[in-house]
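Structure first, then comments.
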Amino acid sequence: MAKSHKQKSRILILARIFREETDENHGLSLAQLEAHLSEYGVESERKTMYNDIEAL
């Protein structure tokens, strides 16, 4: 279970990052995604990132 409001909204923030920062020719690495999330004050583990990306 998410520990904070920011953690709860992590998947929504990821969706926003994908929509604004990527397209079919320009993706982001996991490290870049983690950096973008940290700009929103959200931390994420690699396994959680994979689960969130799969859910999206």
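Read-outs: derived from the displayed coordinates by stated rules, not from any lab. On a predicted model such as this, the values are computed, not experimentally measured, just so you know. Cβ sites come from the backbone with ideal geometry, for glycine too, and all protein chains shown count toward neighbours.
Tabulated results
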item	result
Integer Hz, Karplus 6.51/-1.76/1.60 couplings in order for the stretch 34-39, x for Gly and Pro	4, 5, 5, 4, 5, 5
Relative contact order (%) - the stretch 9-56, alpha-carbon pairs under 8 angstrom, separation at least six	45 percent
Which of Leu56, Gly41, Ala31, positive extreme of dipole for the chain (C-beta unit charges)	Gly41
Cut-off 14 Å, label 7 Å out along Cα→Cβ of Ser9, residues of the stretch 30-46 by amide N	37-43
From the coordinates shown, mean projected area of the Cα convex hull in nm² corresponds to which of [x] 3.7; [y] 5.8; [z] 5.3	[x]
